[in-house]
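The values are calculated or read from the model by the stated rules, or taken from the named source; none is laboratory data. Since the structure is predicted, the reported quantities are computational estimates derived from the model, not experimental observations. Quick reminder, even Gly has a Cβ in these numbers, built from the backbone with ideal geometry, and neighbours come from all protein chains shown.
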Amino acid sequence: MRQLMIKPTLYRYDTAAAFAEAFGLGPGDLVITNEYIYKPYFGALDLKCDVLFQEKYGQGEPSDDMAEAMYRDIKDHHRRIIAVGGGTVIDISKLFALKDPSPILELYDGVRPAVKEKELVLVPTTCGTGSEVTNIAILALNSRGTKKGLAADAMYADSAVLVPELLSGLPFRFFATSSIDALIHAVESSLSPNGNETTRLFGYRAAEMILRGYQKIAANGPNARIPLLGDFLLASTYAGIAFGNAGCAAVHALSYPLGAKYHVAHGESNYALFDGVMRSYLELDRGGEMAALSAHLAGPLECSPEPEAVFAALDSLLSTLMQKKALREYGVTEEDLTEFTDSVLLNQSRLMANNFAPLDRDRIYRIYQALF
């Protein structure tokens, strides 16, 4: 049985300039990024590479429409795709490293296989997705009103590069939502039946680093995160390694309809569902990996190892970063709850297979209802 796969070679540089020099960015490279990232960190370097700015094709979460429009504007053949950005940039760039990625829906429907054609370098600028070390690209499929993940080994990066300097301009709200996403990756992968001692080593360590960082922020204010950005970035990568092997589960699955219909950012939509899913799990099973995870989290949270106490303490700590909203505050209606439930059952079987405990239709609906 395979225990762990880490495909990209992992690098770390303190600055964007050091990364650009070490990787020899230049002719034959296509850098996919955002203008607000590229100009301050790379603009003065006079790089001779081609650059494509993602935000010119739409805002928010990545979608099939956005990816298709970007792909139409890639005119030349490039030897390397270099993604410098958050989850939107990174997930779309994985597709562009493939041979003939359009039409993208055919890839997501399994009509065509994913075949790698170009070298892929992924440089995250948030501390949440962990996508730099996974083979998964998640898009909103706008024509179908849902989000879906495509997992294929051809989408592993050749190199994953951590540059803490690139997080220094990240506003606190985006820092909070992205790092909460990383924490949920760590928790879900640790509870997954597909996890093992090795994947949990990464998941537990990621959760501990994030929680200890949160405690410093809670005690000293948002600016306390600045000297910790390297730690949060590494924790996100550790969580990516964990969920890339063991998988995420119901929190992500139930968050996708919310994100797709009401355009709620990925990390925030996960946060909105997180506590509801965990409490549903506790109603079904407080033992096994739930008990083990709770014991590990109790240390950094400085609370009783009883699962209820752990998740209460965790919810309290997360609220110091951002207040959790009820689903109705995003515009969700009671009619949406049935639609969301059906969407999860229809579209998210890949994720629901990783649940700590089985969640049937009635329980999924009740989770939504309790959070409404």
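Could you say which residue among 83, 69, 44 is among the small types (Gly, Ala, Ser) and more than 24 Å from residue 22 (Cβ to Cβ)?
69
Which fully enclosed helices (runs of 4 or more DSSP H) of segment 287-372 have 3 or more residues being modelled with pLDDT of 95 or more and in contact with a helix residue (DSSP H, G or I) (Cβ under 8 Å, 6 or more places away or on another chain)?
The qualifying helices (runs of 4 or more DSSP H) are 288-301, 307-318, 334-347, 361-371.
Residues in segment 185-203: is at least one within 15 Å of the chain's Cα centre (by Cα), part of a loop (DSSP other than H, G, I, E, B) and crowded, with 21+ Cβ neighbours inside 10 Å?
No.
Conditions (1) more than 25 Å from residue 186 (Cβ to Cβ); (2) crowded, with 21+ Cβ neighbours inside 10 Å, marked per residue:
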site: 302; (1), (2): no, no
site: 307; (1), (2): no, yes
site: 331; (1), (2): yes, no
site: 342; (1), (2): yes, no
site: 356; (1), (2): no, yes
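Given the criterion of a type in the set (Phe, Trp, Tyr), at pLDDT below 95 and buried (at least 24 other Cβ atoms within 10 Å of the Cβ), identify the matching residue among 262, 256, 214, 271.
256
Return the residues of segment 354-370 that are more than 30 Å from residue 199 (Cα to Cα) and either touching a Pro at 6+ places or on another chain (Cβ under 9 Å) or in contact (Cβ under 8 Å) with a residue 40 or more places away in the chain (or both); say none if nothing qualifies.
Hits for segment 354-370 are 366, 370.
Considering only segment 2-29, state which residues are in contact (Cβ under 8 Å) with a residue 12 or more places away in the chain, more than 17 Å from residue 133 (Cβ to Cβ) and part of a loop (DSSP other than H, G, I, E, B).
Of everything in segment 2-29, those that are in contact (Cβ under 8 Å) with a residue 12 or more places away in the chain, more than 17 Å from residue 133 (Cβ to Cβ) and part of a loop (DSSP other than H, G, I, E, B) turn out to be 14, 15, 25, 26, 27, 28.
Got a number for residues in segment 84-99 being in a loop (DSSP other than H, G, I, E, B) and out of contact with any Asp or Glu (no Cβ under 8 Å at 6 or more places or on another chain)?
Going through segment 84-99 one residue at a time, the tally reaches 1.
Quick one: is residue 327 closer than 25 Å to residue 246 by Cβ and crowded, with 16+ Cβ neighbours inside 10 Å?
No: the conditions fail for residue 327.
Can you name every residue in segment 279-290 that is among the hydrophobic types (A, V, I, L, M, F, W, C) and surrounded by fewer than 15 Cβ atoms within 10 Å (Cβ to Cβ)?
The answer is 284, and nothing else.
crowded, with 23+ Cβ neighbours inside 10 Å and more than 19 Å from the chain's Cα centre (by Cα) - does that describe any residue in segment 233-242?
No - not one qualifying residue is present in segment 233-242.
For segment 46-83, how many residues meet the condition of being assigned to a helix (DSSP H, G or I) and surrounded by 14 or more Cβ atoms within 10 Å (Cβ to Cβ)?
Residues that pass the stated criteria total 10.
As an exercise: evaluate residue 351 against (1) within 24 Å of the chain's Cα centre (by Cα); (2) without any contact (Cβ under 8 Å) to a residue 24 or more places away in the chain and give the number of the one condition it does not meet.
(2)
For residue 132, indicate whether it is in a loop (DSSP other than H, G, I, E, B), under 30 Å from residue 4 (Cβ atoms) and not polar (S, T, N, Q).
no
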